[in-house]
1. When DSSP beta bridges are limited to those with both residues in region 220-372, what percentage is antiparallel, rounded to the nearest 5?
2. Quick one: grab the alpha carbon gyration tensor of region 70-210, order the square roots of its eigenvalues as a ≥ b ≥ c, and give me rounded if a/c is under 1.5, else prolate or oblate depending on whether a/b is larger than b/c.
3. Which of rounded, prolate or oblate describes region 203-317 when judged by the alpha-carbon gyration tensor and an a/c cut-off of 1.5?
4. Could you work out how far apart the two model spin labels at residue 99 and residue 385 are, taking each label as a point 7 Å from the Cα in the direction of the beta carbon, and quote it in nm?
5. Could you work out how far the C-alpha centroid of region 165-181 sits from that of region 253-302, in angstrom?
6. For the pair residue 320 and residue 156, what calculated FRET efficiency results from E = 1/(1 + (r/R0)^6), where r is the Cβ-Cβ distance and R0 = 45 Å, to the nearest 0.05?
7. By how many degrees, between 0 and 90 and to the nearest 10, does the Cα long axis of helix 229-239 differ from the longest principal axis of the chain?
8. If one takes the longest principal axis of the Cα atoms in the chain, at what angle in degrees, from 0 to 90 and to the nearest 10, does the Cα axis of helix 252-261 lie?
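Read-outs throughout are calculated quantities, based only on the coordinates presented, and are distinct from any laboratory measurement. A quick note: this is a predicted structure, and the numbers were derived from the prediction, not measured. Here the Cβ is made from the backbone with ideal geometry for all residues, glycine too, and neighbour counts use every protein chain on show.
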């Protein structure tokens, strides 16, 4: 018998962590869950695992890995960009914890220890984890370095999608579906109950809204996730020739340097390089003052408006009726961005007073996750014996299960935190 145990990321989005017993035991991702009030962690890993497999660098998948290496000496496997991006996010997590007066879950020494036990793997190359178990990464199309992880034990194969994207985006061609025979799939379910709008139409509507804001002598504030969304939004704006200066602020600058280093993994690297080179990279307070001198586009972290330079810009512009907040990222439950979308209000100032902004705001669906149709199409192509659902809110994941069973007739199980599911 094989088994899967959910340590997090089950019927929720965040803190992904799963132990797969497939010939040997493997830890698939080890992330955290951020909310406006706290950080949630996965259940402790008490079992001996043979290796860690990291699907990509976003904190909800990678954020607790250095803590795991306080005591472990097993190897971890990930792509080179995933390691480089994760390293920045891990170090930033320590800074944020210290700034907020919290004890970090790990130290810089433990980050270095994580590096010591890491094995960087390319796409499309089979690696032997043990005598009988092999691993192969396929481009996940989600962010730079993201991977579908195929684990093979003797004649059986298990695919963990992590976060992935089937359709093309501005930066990625879409995931590599040429995985060969797949017997079991553990698939993300973030948008398992709905379609996405046409990507090109979203880009057009977004750019027209930004240009309209500039035409009204306002500032277009674009809160972005540092990884992936920062680079994509700059690329989109550059391609549409918006008539205004584009400022890039926050951690997106560091991540952009990694994207430029690994431009061979990007769909149209020349266009991305042009966009990032044309943007004005903000350096400190002087750069921020310059961005506010005349109407401009400010692409800045954090994407959910929980912290980062976006807070400083909002302090200046939140009641400017000419300006507009253009939300482009997933807004997690309990974050200021989610409150703005659902209630039209945000916590503001040192006391966190809830206010209704004077500036305009709008949410644009630039999702790097697959729609329900994309995932159904992927499962139809892979045609596994069994499907496991993770990484989705409870009502969404329940709806997705029904859709898979009715459309494809596949045996489908929703993983639960702390519970082991056996399969053969």
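1. Working: 3 of 19 bridges.
Here the share of antiparallel DSSP bridges comes out near 15 percent.
2. Working: a/c = 2.24, a/b = 1.08, b/c = 2.08.
Because a/c hits 1.5 or more and a/b fails to exceed b/c, region 70-210 counts as oblate.
3. Working: a/c = 1.75, a/b = 1.27, b/c = 1.38.
The shape class here is oblate.
4. If labels sit at residue 99 and residue 385, their model points lie 5.0 nm apart.
5. 25 Å
6. Working: r = 59 Å, r/R0 = 1.31.
Computed FRET efficiency for residue 156 and residue 320: 0.15.
7. Approximately 50 degrees, to the nearest 10.
8. Once rounded, the angle reads 60 degrees.
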